[in-house]
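Remarks on the structure that follows.
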Amino acid sequence: MSRRSLKAEALPLERPRPILWPCVAVILASAGLVAATELTIAAFSSAGLQGIHERNLWSMAISAGVITGVTGLLWTATNRLGVSLALVSAGLLFTSSLHIRKLQLIGRPLLPWDFLEWRQVTSLAPTLLPGAGTVIAILAGLLLLGLVVAGARAVMRGRPRFPLPVPARGGLAMASLAYLLAITFFQHLPLLPKAFMRFGVMHQVWDQRSNFQINGLPLMMLWNWEGLRLEPGSAYSAEAVRSALGRDVEPPAPVPEEPVDVIIFMAESLWDPTRLGVRLSTDPLPFLRGLSATHSAGHLISPSFGGGTANAEFELLTGMSASFVPDGSFPYQHYVLKPVEALPSLFRSAGYRTAAIHPFHGWYWSRDVVYPLLGFDAFQSLADFADARLEGPWVSDEEVVDRILRQLSDESQPQFVMAITMSTHGPYSLPLTGAEEVQVLGELSPDNKLLLTNYAHKVRQTDRALERLVRTLEKRPRKTLLVVFGDHLPMLGPNYSLYREAGFLKEPWTDAQRERMAEVPVVLWSNHALPKQDVHLSMGMLAPRILEAAGMKPHGFFAFLTELARNVPVVRSDLLKSAAGEYLPLPERDAAAPAPGSPAEWLRRYRLLTYDRLVGDSFSVTSTPRERLAGGP
């Protein structure tokens, strides 16, 4: 009797708790989390809470469903509702914090592939957040580790407060997963695209800032997980590529009898601060300005602002446009996975020695992996700059000039050298040292005056190093071409604060304003006579001009770029401009059936050729360079 009663007490029968009200609570909590996330982001944005009015309410409802779906999956996996909500809340807090900081720095939203750049972010964190980068990284890691440990302990110990019966767990998991997949891949499902369009819900992949402003952070992030896939834009085949190329695939032109050494000098954040209209005590770029008056010069349209040097490199070296990859992604990181025909490979196949010089980590932007695929024989990175002179926290441009001249000292074969500097990199908010040569005489706020003083001093040092390089190259008996340009405009304060205070950037944003905020100086100098030309085109379209200046006739895709520049010289993710000076609507880039010879038709061909060369079958590339790129004879 006693044993039976004890057994009955040990195994009491409990009625299963209804799960309807916990499910309703999850939906309401998810809606509250979405609202709190968007309100917090808006509160820290330049527009303040006014910006929240731009959100599409239907997008917010879908976002609440996304958070509900993620919580549902965690609930079914852990059988712990409280733990699931805590993990989702922490994830939203962490993601929105990163998003707010990125908006404050460069005015662009956080994107999924930003998490793939964790080494880049952590290496620059101490300069973007002086003294706090390491602490923030450690705290974030400890927070995530603590949540994982707490969640694991909660699953292993105790009884769940809101347990899910096995059939309910399976049903909730399937429903949550089905919803998330349907929302993620809605464009590939029948009826959903039209239904979403009817309510103004669309994935604006061409403009991620607007994409976030309308759809909010959770929905934008979810949709962009699919965004790394490239599309050719039209039917893809060998015949379609040959048609887009406008000519048969042809081998490179023969090398001139007297080869020209080529030096590409990409100066970090090089820009002319006198364009701000703020009075300075002296010209910070007197030598570069003098070169511009006597040699081919003008402006290149950079694909990025305040960062993203890798995309500027990609465009210049390959001739392809970063505007055809998802906004915010980087071909160096995501697409250059095989040999790509580019300037280094063309010069190497012509008998040149090809070298890259950059005084920063070799793994940054995966350069140590990408450079051999582009045709570089050698790469000197930060590891090769032991005991180098510094300008602030970075290796000085004088050291880079020394490495260029050392590379050119071997005259056994012609040289193609690309040097990317670092000394003009931010931050520009460090305390003044008293050695600044350029003083700000115009009226500015103290913070912006500090930024401009530091930046003007940095570019003055670059100008001086550049002068020493040119004076040395002038004495060389070998023909030499030097191409000098900036990769992008400097990031002068959060939310373009210095540009705004100086009146260089004015609201509202127009196409002309976007163009001004992308223009970087460029000069093509040589120690032998070359015709002087004005330059105003996208960075990728400079490649054929470099080939021509080196005495090598552009062929194939690079000949196509020459023709493209005569029709649509500016191609950027947020800007299109015809040779007639007309700004074109962005949908021109995706026109389904453009008229022959129209700007839209040129863009269709450019996009198809970019796809072919980057991720396609390389029908537009000659066999000989490909064999040499792959390491053949």
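Computed about the Cα centre, the dipole magnitude for segment 318-390 is approximately 120 debye when only Lys and Arg (+1) and Asp and Glu (-1) carry charge, each at its Cβ. Report the far tail of the P(r) of segment 351-450, meaning the percent of Cα-Cα pairs longer than 24 Å. The answer is 38 percent, as a whole percent. Over the chain, dividing the summed -39,500 (n - 2.57) contributions of all DSSP H runs of at least 4 residues by the number of residues returns a 222 nm mean residue ellipticity of -14500 deg cm²/dmol. The modelled label-to-label distance between residue 94 and residue 279, using points 7 Å beyond Cα along the C-beta direction, is 5.2 nm. If you look at the Cα atoms of segment 513-610, you get an Rg and a Dmax of 14.4, 47 Å. In this simple spin-label approximation, residue 181 and residue 437 carry label points 7 Å from Cα along the Cα→Cβ vector, and these lie 6.4 nm apart.
Across the chain the C-alpha pair distances fall into 20 Å bins from zero in the proportions 17, 47, 27, 7, 2, 0 percent.
Rounded to the nearest 10 degrees, the inclination of helix 309-318 to the longest alpha-carbon principal axis of the chain is 50 degrees.
Projecting the Cα positions of 61, 381, 354 onto the charge dipole of the chain (unit charges on Cβ atoms of Lys, Arg, Asp and Glu, taken about the Cα centre) puts 61 furthest along the positive direction.
In this structure, the amide hydrogen of residue 380, modeled 1.01 Å from its nitrogen in the peptide plane, lies closer than 5 angstrom to those of 356, 357, 358, counting only residues at least 5 positions away or on a different chain. In order along segment 160-168, the Karplus-derived 3J(HN,Hα) couplings, from 6.51 cos²θ - 1.76 cosθ + 1.60 at θ = phi - 60°, round to x, 6, 10, x, 9, x, 3, x, 5 Hz, and Gly and Pro are given as x. For residue 387 and residue 57, the difference between the fully extended length at 0.36 nm per residue and the C-alpha to C-alpha distance is 113.1 nm. Figure legend: label point modelled 7 angstrom from the Cα of residue 598 along Cα→Cβ; residues of segment 566-587 with amide N under 14 Å from it are 584-587. With both residues required to sit in the chain, DSSP beta bridges show an antiparallel share near 40%.
On a per residue basis, segment 489-555 carries 37 Å² of accessible surface, using protein heavy atoms and a 1.4 Å probe. Among 51, 412, 457, flag the residue with its Cα farthest along the positive direction of the charge dipole of the chain, charges on Cβ as +1 for Lys/Arg and -1 for Asp/Glu. Toward the positive end, the furthest listed residue is 51. I'd like the accessible area for residue 44, computed on protein heavy atoms only with a 1.4 Å probe and all protein chains in place. Round to 10 Å², please. For residue 44, the solvent-accessible surface is approximately 120 Å². Relative to the longest principal axis of the chain, what angle (0 to 90°, nearest 10) does the C-alpha long axis of helix 81-106 take? The angle comes out near 20 degrees. In terms of packing, defined here as the mean over residues of other Cβ atoms within 10 angstrom, the peptides 445-452, 416-423 line up highest first as 416-423, 445-452. The dipole here belongs to the chain: it is taken about the Cα centre, uses +1 on the Cβ of Lys and Arg and -1 on the Cβ of Asp and Glu, and is about 2520 debye.
Across the chain, the longest run free of exposed loop sites, meaning GluC sites (Glu not before Pro) lying outside DSSP classes H, G, I, E and B with no more than 14 other Cβ atoms within 10 Å, spans 15-256. With K and R counted +1 and D and E -1, the other residues having a Cβ less than 14 Å from that of residue 447 yield a net charge of 0. For residue 149 and residue 337, the difference between the fully extended length at 0.36 nm per residue and the C-alpha to C-alpha distance is 64.0 nm. Extending 7 Å from Cα along the Cβ direction at residue 199 and again at residue 495 yields two label points whose distance is 3.1 nm. Computed over protein heavy atoms with a 1.4 angstrom probe, the accessible surface ordering of 530, 537, largest first, is 530, 537. Structural size metrics of segment 223-331, computed from C-alpha coordinates, are Rg and Dmax of 19.8, 60 Å. Straightening the chain between residue 562 and residue 369 buys 66.6 nm, computed as 0.36 nm per residue apart minus the Cα-Cα spacing.
Computed with a 1.4 Å probe over protein heavy atoms only, the accessible area of residue 271 comes to about 0 Å².
Counting only protein heavy atoms and a probe of 1.4 Å, the accessible surface of segment 446-503 is 51% carbon and sulfur. Against the chain, whose longest principal axis comes from its Cα atoms, helix 57-78 is set at around 60 degrees.
To put it simply, the accessible area of segment 309-384 at a 1.4 Å probe is 55 percent carbon and sulfur.
The values are calculated or read from the model by the stated rules, or taken from the named source; none is laboratory data. Everything quoted here is computed from the prediction, not taken from an experiment. All Cβ positions, even for glycine, are placed from backbone atoms using ideal geometry, and neighbour counts span all protein chains on display. Side chains are part of the model used for accessible areas, which takes the heavy atoms of the whole protein and leaves out ligands, DNA and RNA. Shrake-Rupley method; radii C 1.70, N 1.55, O 1.52, S 1.80 Å.
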